[in-house]
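Peer 1: Take a look at the following structure, please.
We did not get these values from a lab; they are worked out from the coordinates using the rules stated. These numbers were taken from a predicted model, which means no experiment stands behind them. Here the Cβ positions follow ideal geometry from the backbone for every residue, glycine too, while neighbour counts run over all protein chains shown.
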Amino acid sequence: MMLELLMKRRSIRKYKQEAVDADKLKKIMQAALLVPSSRGRTPWEFVVVQNRETLQALGKCRHPQQVFLPDTPAAIVVLGDTSVTDVWVEDCSIAMTIMQLEAEQLGLGSCWIQIRNRMAQGEQQTSNDFIKELLHIPAQYDVLAVLALGVPDEEKPGRTLEGLQYGKVHQEKF
Ligand SMILES: Cc1cc2nc3c(=O)[nH]c(=O)nc-3n(C[C@H](O)[C@H](O)[C@H](O)COP(=O)(O)O)c2cc1C
């Protein structure tokens with residue numbers, strides 16, 4: 001079951017122009033809040049953005065511009081409290097991954113948009129600072145990534161078990 005879900009999931013960057021079902025969004029957030037975190041510190045926070053103007057502005061969070069973000073029905077901004085743990089990146093990455101899988105399970109498409117270590121449009125500001133300013137995020141948090149979310153308007157083939165890079169799996173020694 002889990003393998004099937006993993007084989008099916010692809011990054012979706014084209015979405016139908018319809019709002020994400022509120023119950024599905026709730027389930028995705030429940031999935032996020034269920035993930036494990038180092039020492040149980042739960043450093044993550046999530047900002048769910050569905051306002052069109054904010055999504056438009058968010059599109060400028062990366063250089064070059066993330067062209068599909070303004071047309072994305074919803075975006076979940078994932079940030080971590082850097083003051084409570086030095087592994088907030090890992091903790092937030094788990095939340096991102098699990099949200100992508102829950103979205104897939106619910107028939108929604110999603111795409112990870114990298115924010116950490118990236119620059120905003122114009123390259124005058126980091127993507128992190130740009131989003132913190134836009135969404136009024138307090139200083140002790142840093143943004144890991146944005147999850148674009150919506151009903152898919154593109155189809156991508158899933159993966160097969162035959163096509164996997166088994167050579168990357170080493171036994172006992174590299
Ligand atoms: C850490 C991480 C960062 C990513 N950043 C971006 C991004 O900034 N923009 C984007 O369009 N896709 C991004 N992606 C999606 C990848 O490009 C995509 O997962 C990869 O090409 C494999 O394709 P698939 O997701 O369809 O299997 C990111 C994925 C991961 C895991």
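Peer 1: Pairs of Cα atoms under 8 Å, at least six residues apart: use those to get the relative contact order of the chain, whole percent.
Peer 2: Details: 316 pairs, mean separation 56.4, N = 174.
Dividing the mean separation by the residue count of the chain yields 32 percent.
Peer 1: If you don't mind, another one. By its C-alpha gyration tensor, with a ≥ b ≥ c as the square roots of the eigenvalues, how is segment 1-133 shaped: rounded for a/c under 1.5, else prolate for a/b larger than b/c, else oblate?
Peer 2: Numbers: a/c = 1.73, a/b = 1.07, b/c = 1.62.
Because a/c hits 1.5 or more and a/b fails to exceed b/c, segment 1-133 counts as oblate.
Peer 1: OK, next. Filter the GluC sites (Glu not before Pro) in segment 102-138 to those in DSSP coil with at most 15 other Cβ atoms within 10 Å of their Cβ, and list the result.
Peer 2: Working: sites: 102, 104, 123, 133; in loops: 123.
Passing sites in segment 102-138 are 123.
Peer 1: So, one more: Looking at the chain, send over the antiparallel percent of its DSSP beta bridges, to the nearest 5.
Peer 2: Numbers: 22 of 23 bridges.
Around 95 percent of the beta bridges assigned by DSSP in the chain are antiparallel ones.
Peer 1: I would also like to ask the following. Based solely on its DSSP helices, what 222 nm [θ] is calculated for the chain when runs of n ≥ 4 H residues each add -39,500 (n - 2.57) and the sum is averaged over all residues, nearest 500 deg cm²/dmol?
Peer 2: Values: 5 runs with 52 residues, N = 174.
Helix-only estimate at 222 nm: -9000 deg cm²/dmol.
Peer 1: Follow-up. Using each residue's phi in segment 106-114, evaluate 6.51 cos²θ - 1.76 cosθ + 1.60 at θ = phi - 60° and report the 3J(HN,Hα) Karplus result to the nearest Hz, with x for Gly and Pro.
Peer 2: 8, x, 9, x, 8, 8, 7, 10, 5
Peer 1: Taking R0 as 35 Å, what's the FRET efficiency between residue 23 and residue 173 from their Cβ-Cβ distance, rounded to 0.05? If you can, show how the numbers build up before the last one.
Peer 2: Values: r = 49 Å, r/R0 = 1.39.
Approximately 0.10, to the nearest 0.05.
Peer 1: A follow-up question, please. Amide H to amide H under 5 Å from residue 126: which residues, 5+ apart in sequence or cross-chain, H placed 1.01 Å off N in plane?
Peer 2: 120
Peer 1: Scan the chain and note any complete DSSP helix (H) whose C-alpha atoms cover at least 20 Å along its axis and whose Kyte-Doolittle average is -1.0 or more.
Peer 2: On the way: long enough: 88-105 (26 Å, 0.19).
The answer, listed by residue number, is 88-105.
Peer 1: Two decimals, Cα atoms only, Kirkwood Rh: what is Rg/Rh over segment 71-139?
Peer 2: 0.99
Peer 1: How much net charge surrounds residue 95 when only other residues with a Cβ under 12 Å from its Cβ are counted (Lys, Arg +1; Asp, Glu -1)? Present the calculation step by step, with values, prior to reporting the outcome.
Peer 2: Details: positive: none; negative: 45, 90, 91, 102.
After counting each charged neighbour, the total is -4.
Peer 1: Something else now. Which of the lysines could a cross-linker bridge to residue 132, judged by Cα under 22 Å and excluding same-chain residues fewer than eight apart?
Peer 2: 60
Peer 1: Same structure again: Based on the alpha-carbon gyration tensor of segment 1-48 and its eigenvalue square roots a ≥ b ≥ c, which shape applies: rounded if a/c is under 1.5, prolate if not and a/b is larger than b/c, or oblate?
Peer 2: On the way: a/c = 2.24, a/b = 1.34, b/c = 1.67.
The shape class here is oblate.
Peer 1: Looking at this model, which pairs from 16/156; 8/168; 24/168 are more than 24 angstrom apart at the alpha-carbon?
Peer 2: Result: 24/168 exceed 24 Å.
Peer 1: Can you run phi through the Karplus equation (6.51, -1.76, 1.60; θ = phi - 60°) for segment 160-174 and list ³J(HN,Hα) in whole Hz, with x for Gly and Pro?
Peer 2: Result, ordered by residue: 10, 5, 5, x, 6, 7, 4, x, 7, 9, 10, 9, 6, 10, 4 Hz.
Peer 1: Have a look at 100, 121, 140 and tell me which one the Gaussian network model of the chain (Cα, springs below 10 Å) gives the largest fluctuation.
Peer 2: Judging by the Gaussian network model, the answer is 140.
Peer 1: For residue 144, what residues show an amide H to amide H distance below 5 Å, using hydrogens built from the backbone and excluding near sequence neighbours?
Peer 2: 78, 79, 80
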